[in-house]
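The values are calculated or read from the model by the stated rules, or taken from the named source; none is laboratory data. Keep in mind that what you see is a predicted model, and the values were worked out from it rather than measured. Note that we place each Cβ from the backbone using ideal geometry, even for glycine, and neighbour counts take in every protein chain shown.
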Amino acid sequence: MDIPPLLLQTAGSLAAILALAGLAWWLKLGGAPVLVGDNDIRRVASEVEDGFEPLDWAVSQDHTAALARDAEGRIMLIRLHGNRFAGRILGAKAGARAAGDTLTVGCGETWFGKTRLIIANPNPWAEAINRISEPCHA
Amino acid sequence: MPDFNPTQYAVPLFVIAVLVEMIWAKLRAPEAYEPKDTLISLSFGLGSTIAGALLGGFALAIFIEAYQYRLFDFGPQWWAVWWAWPVCFVLDDLAYYWVHRAGHRIRWMWAAHVNHHSSQHYNLSTALRQSWTGALTFGFLFAVPLVLLGFHPAMIAICSGFNLIYQFWIHTEAIKRMPRWFEAVMNTPSHHRVHHATNPRYLDRNYAGVFIIWDRMFGTFEPEVDDEAIRYGIVKQLGSFNLLWAVFHEWIGMLSDIWRAPLRHKLSYLLREPGWSHDGSRETSDMIRNRWRARVAAQGAPVASSVATRNPIAAGSEPA
């Protein structure tokens, strides 16, 4: 039976892809960075939005996510993505729900997903985020 | 006519090179790779190959038709005209510069090219992160002038193949700087790190494929500075490892913008630069850079450590 060259090439490439990704996993490449201090928050926030200067913030207990607020009252959600951080300035489509010390925040983008932060006193953050959702802030 | 596809032969070398860089990463910079990111980048490469095989015939048909109207004729044995090869290679690289520049400045083309930039990592697997939808942007039309000059489509395809192979090795943080003369003429890891950076100073710079001289000539060159850490990816990072979202997110965003925009602005969402909006609610790369410049002028530049100082290969070489 003749195998079409494109199919053969695809199968070979797929095997190589899985082998390389498996090797990266086996070698434990990547690591798990955490947000541990003020400088980390400031650095990551300025990476998400150049010039964003956090005035106050709350870092999740596991140090993989944070909320930060600047002088203009803008709230930024930061979370770990792989071994890098990604974030969004929350807008009218954002929403938050507090339950105990757990705060679940969605930025309104399906594929960015929801972020769960464990922080002390999450209610003021939830209220502030949900206020952004009000039409007058849109 | 030679039947030769250089990239086919290079694929095993690509795999070996990624393997070697992973070992380097294990020893020097484990954070340079992330398994899920690597899987996505390599899947992009595979999908791009399949898309090329399925859709590449359209570009070839256009080239063969255009070849009928060529200005110069290198004869039936065009492949034996030795000097035509280097000339074709250089002109193809010039065409690449412009198609690449258009790929960053026209949202329609960016919708496809953004795939190559959406990783927050910069390693050899990123080089293989190629678009599945490039054929939908008609970027191949930038090479039509070469066909009209008389270069055979097969010659152009072979030169483009070598161009692509050259660009593979520059996607690395393992090499800090090449020798000064090389940095002056050729595209290098340092120059191309700038191109993949989202730091405001680096946005939409260094479009070169092989020869960096095009950026120097056309005013888009920016050297890498050692006191500012590079961050890679796109201005609004994906934050998702979903392959299909990674492939199509900008197409969806663009079509959604066109759908919602007032009639007189619809075309602008297709043809203007990424980040442009009719109501000024978003920022283009120029706007981000200007805001950064104003802020730096007012406050003084922030200082951070270089991304490439851990490089073990060219530590003694002089920067260009």
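What number goes with the only condition from (1) under 23 Å from B:ALA25 (Cα atoms); (2) buried (at least 23 other Cβ atoms within 10 Å of the Cβ) that B:ILE175 does not pass?
So the condition that B:ILE175 fails would be (2).
Got a sec? Which of B:ASN163, B:ASN187 is more than 30 Å from B:LEU267 (Cβ to Cβ), surrounded by fewer than 23 Cβ atoms within 10 Å (Cβ to Cβ), of a type in the set (S, T, N, Q) and away from chain A (no Cβ under 14 Å)?
Testing whether each residue is more than 30 Å from B:LEU267 (Cβ to Cβ), surrounded by fewer than 23 Cβ atoms within 10 Å (Cβ to Cβ), of a type in the set (S, T, N, Q) and away from chain A (no Cβ under 14 Å) leaves just B:ASN163.
What are the residues in segment B:26-39 that are over 20 Å from the mean Cα position of the chain (by Cα) and either among the aliphatic types (A, V, I, L, M) or more than 7 Å from chain A (Cβ to nearest Cβ) (or both), if any?
Selection gives B:LEU27, B:ARG28, B:ALA29.
May I ask you to say which residue of B:LEU244, B:LEU267 is within 14 Å of chain A (Cβ to nearest Cβ), part of a helix (DSSP H, G or I), without any contact (Cβ under 8 Å) to a residue 12 or more places away in the chain and surrounded by fewer than 17 Cβ atoms within 10 Å (Cβ to Cβ)?
Every option except B:LEU244 fails the conditions.
Listed here are the residues, each with its yes/no results for (1) surrounded by fewer than 16 Cβ atoms within 10 Å (Cβ to Cβ); (2) touching a strand residue (DSSP E or B) at 6+ places or on another chain (Cβ under 7 Å); (3) within 21 Å of B:SER119 (Cα to Cα); (4) of a type in the set (Val, Ile, Thr).
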position	(1), (2), (3), (4)
A:GLY73	yes, no, no, no
A:HIS81	no, no, yes, no
A:GLY87	no, yes, yes, no
A:ALA94	no, yes, no, no
A:ASP101	yes, yes, no, no
A:GLY106	no, yes, no, no
A:PRO124	yes, no, no, no
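Out of curiosity, is B:ILE62 over 30 Å from B:ARG205 (Cβ atoms) and of a type in the set (Val, Ile, Thr)?
Yes, satisfied.
Return the only residue of B:LEU60, B:LEU55, B:LEU91 being hydrophobic (A, V, I, L, M, F, W, C), at pLDDT below 95 and within 13 Å of B:MET155 (Cα to Cα).
B:LEU60
Pick from A:THR64, A:THR10: which is more than 10 Å from chain B (Cβ to nearest Cβ), β-branched (Val, Ile, Thr) and either in contact (Cβ under 8 Å) with a residue 24 or more places away in the chain or more than 27 Å from A:LYS114 (Cβ to Cβ) (or both)?
After ruling out the rest, the residue left standing is A:THR64.
Go through (1) in contact with a Leu (Cβ under 9 Å, 6 or more places away or on another chain); (2) within 10 Å of another protein chain (Cβ to nearest Cβ); (3) surrounded by 17 or more Cβ atoms within 10 Å (Cβ to Cβ) one by one and return the number of the condition B:CYS88 breaks.
It fails just one condition, (2).
Which one of these is touching a helix residue (DSSP H, G or I) at 6+ places or on another chain (Cβ under 6 Å), part of a helix (DSSP H, G or I) and free of Cβ contacts under 8 Å to residues at least 40 places away in the same chain: B:ALA61, B:ALA53?
Residue meeting the stated conditions: B:ALA53.
With respect to A:ILE75, determine if the residue is at pLDDT 95 or above and either of a type outside the set (Lys, Arg) or in contact with an Asp or Glu (Cβ under 9 Å, 6 or more places away or on another chain) (or both).
For A:ILE75, the condition - at pLDDT 95 or above and either of a type outside the set (Lys, Arg) or in contact with an Asp or Glu (Cβ under 9 Å, 6 or more places away or on another chain) (or both) - is met.
Residue-wise test of (1) out of contact with any strand residue (DSSP E or B) (no Cβ under 8 Å at 6 or more places or on another chain); (2) assigned to a helix (DSSP H, G or I); (3) not acidic (Asp, Glu).
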| residue | (1), (2), (3) |
| --- | --- |
| B:VAL90 | no, yes, yes |
| B:GLY103 | yes, yes, yes |
| B:TYR122 | no, no, yes |
| B:ALA143 | yes, yes, yes |
| B:ILE165 | yes, yes, yes |
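For segment B:145-156, how many residues meet the condition of being part of a helix (DSSP H, G or I) and within 18 Å of B:TRP98 (Cβ to Cβ)?
6
State whether one or more residues within segment A:42-52 are within 18 Å of the chain's Cα centre (by Cα), part of a loop (DSSP other than H, G, I, E, B), within 10 Å of another protein chain (Cβ to nearest Cβ) and more than 27 Å from B:MET22 (Cβ to Cβ).
yes
Filter segment A:16-41 for residues that are at the interface with another protein chain (Cβ under 10 Å from one of its Cβ atoms), out of contact with any Ser or Thr (no Cβ under 7 Å at 6 or more places or on another chain) and of a type outside the set (Phe, Trp, Tyr) and give the result.
The answer is A:ALA16, A:LEU18, A:ALA19, A:GLY22, A:LEU23, A:LEU27, A:LYS28, A:LEU29, A:GLY30, A:GLY31, A:ALA32, A:PRO33.
Every residue, every condition in (1) under 17 Å from B:LEU164 (Cβ atoms); (2) more than 7 Å from chain A (Cβ to nearest Cβ); (3) surrounded by fewer than 18 Cβ atoms within 10 Å (Cβ to Cβ), yes or no:
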residue	(1), (2), (3)
B:VAL15	yes, no, no
B:VAL18	yes, no, no
B:TRP24	no, yes, no
B:SER41	yes, yes, no
B:GLY45	yes, yes, no
B:LEU54	no, yes, yes
B:GLY57	no, yes, yes
B:TRP83	no, yes, yes
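Across segment B:270-297, which residue is surrounded by the fewest Cβ atoms within 10 Å (Cβ to Cβ) among those that are touching a residue at least 40 places away in the same chain (Cβ under 8 Å) and small (Gly, Ala, Ser)?
Among residues in segment B:270-297 that are touching a residue at least 40 places away in the same chain (Cβ under 8 Å) and small (Gly, Ala, Ser), the one surrounded by the fewest Cβ atoms within 10 Å (Cβ to Cβ) is B:GLY275.
Working only within segment A:38-67, note down all residues that are more than 27 Å from B:ARG291 (Cβ to Cβ) and either modelled with pLDDT under 95 or hydroxyl-bearing (Ser, Thr, Tyr) (or both).
Listed by number, the residues that qualify are A:SER60, A:THR64.
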